[in-house]
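Following: one structure in structure tokens, then a few remarks.
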Amino acid sequence: MKVRLELQDLAHYPFLKEAQEIIAERGISFEFITRNSQNQSYLAAAVNRIRTAMLRRENQQMTDADDPIQDIVSYALARILISCTKNRTGIGPLSRFEADRALYFLQLEKNQGVRTHLFRELGIPFSGGAIPYTRYIEIASTLREERYRLVNRDLSMGMVQLNPDEEEFLLRERIRTLLLDQLPLNLPASACSNFSDSISEIDSILSERTTEEYGNVDEGGFPPCIRALYNSALQGKYLSHSGRFALTTFLNTIGMETTGIISLFSGGGDFNLDMTTYQVDHIISHGDDGYTAPTCATMRTHGICVGKNKACELINHPLNYYRRQKKARKYKKSQPVEKKNSTTEGDLEKQK
């Protein structure tokens, strides 16, 4: 049975193909957005959508625009703009925000037909609170909570049993990974040239997020693996391709300037400014693809996970180590210094 989706439904779940069909039916194109200031309200909404995704706070409530079309169009434009930045650091937060937003409205959804349609369109074959284990493994593979590991699930006749909350959470994860896989969009350069001002604004938002999340670059918070690579680079020692890649992506993510990263490699005997600049620019997402810092598992695979300590056992990514160290150091500095009691026995006698 085909469900009827209202405009508000599509505003809540703008990744559905029906939402994109609405955009096409209304003739909303690049030219439509850019040819007059009135239509640019959609563009402003898209930039604000990205800002909300990048700088959002915990337990922040989702809101509807007064015009459902604005929510639909701003979703599509946000994906275009984040792709135009050539900066992959914004893709994860935007995908997570859109998935959280969909889950928020799903949990308020009273129309069972809409709920069923959403699960079906996203390829999640739920039936009586169960899902085939092969499909479950595919969707839950990115979840870290112990309860989502297959060994901790009730498995019967090839089906994994789920409660309603878990069904919705898996749907959220499915949305997140789908959007993550789709970005960045493959766009012609001419498309991005139409939005140069908005792209500059988003670059500033991404920079603000990096500063807020990591603060100033703090070498004292580096994990042992990055510390070893960093010191080797400073001393002009040879670094493998995987080592240079890991160090560059890590430093870029925590906010080190491009010139600082390039300068770090200048002590090597084979240093070539033009070649190093090209390589660093490509790695830190000034190229068409862009890359992200490798996980601990990848570091181990390439033999560059060195100096592992107890703190490493609690994390699975060098960036998580850095975040924890920064928070711990910040907390330690914020604590009042305990004053030592310098009163001597002679002082006590005088007081008597």
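The values are calculated or read from the model by the stated rules, or taken from the named source; none is laboratory data. Small disclaimer: the values here were computed from a predicted structure and weren't measured. When we count neighbours, we look across all protein chains shown, and the Cβ atoms used for this are built from the backbone with ideal geometry, even at glycine. Accessible surface areas use protein heavy atoms only, side chains included; no ligands, DNA or RNA. Shrake-Rupley method; radii C 1.70, N 1.55, O 1.52, S 1.80 Å.
When Rg and the Kirkwood radius Rh are both evaluated on Cα atoms of region 172-312, their ratio Rg/Rh stands at 1.00. Taking all Cα pairs closer than 8 Å and separated by 6 or more residues, the relative contact order of region 107-184 comes to 32 percent.
Principal axis extents of the C-alpha atoms in region 236-276 (largest first, rounded to whole Å): 27, 20, 15.
The mean sequence distance of close C-alpha pairs (under 8 Å, at least 6 residues apart), as a share of the length of region 12-112, puts its relative contact order at 36 percent.
Convex hull volume of the Cα atoms in the chain, per residue, in Å³?
Spelled out: Cα convex hull of the chain, divided by residues, is 243 Å³.
Each semi-axis of the equivalent ellipsoid for region 88-207 is √(5λ) with λ an eigenvalue of the Cα gyration tensor; in descending order they amount to 34, 16, 13 Å. The alpha-carbon of Lys2 sits under 13 angstrom from the alpha-carbons of these aspartates and glutamates, leaving out residues fewer than 8 places away in its chain: Glu18, Glu121. For the pair Arg120 and Ala65 in one chain, pulling the backbone fully straight at 0.36 nm per residue adds 17.2 nm over the alpha carbon distance.
Suppose we look only past 14 Å in the calculated P(r) of region 40-85. What percent of the Cα-Cα pairs does that tail hold? Percent of Cα pairs beyond 14 Å in region 40-85: 48. Here the contact order of the chain, divided by its residue count and restricted to Cα pairs under 8 Å and six or more residues apart, works out to 17 percent. Sorting the Cα pairs of region 61-150 by distance into bins of 10 Å, from 0 upward, gives 12, 34, 37, 16, 1 percent per bin.
Database note for the chain: Cys without another Cys beta carbon under 4.7 angstrom, Cys225, Cys296, Cys305, Cys312.
Taking the chain as a Gaussian network, where each spring joins two C-alpha atoms under 10 Å apart, which residue of Gln20, Gln61, Gln40 fluctuates the most? Fluctuation is largest for Gln61. What angle, in degrees between 0 and 90 and rounded to the nearest 10, separates the Cα long axis of helix 91-108 from the longest principal axis of the Cα atoms of the chain? Result, in degrees: 50.
Entry note: region 1-151 has Rg to Rh equal to 0.99, where both radii use alpha-carbon atoms and Rh is the Kirkwood radius. Using a Gaussian network for the chain with springs between C-alpha atoms less than 10 Å apart, which of these wobbles most: Glu138, Glu166, Glu98? Highest fluctuation of the listed residues: Glu138. The heavy atoms of Glu145 present about 90 square angstrom of accessible area, all protein chains included, probe 1.4 Å.
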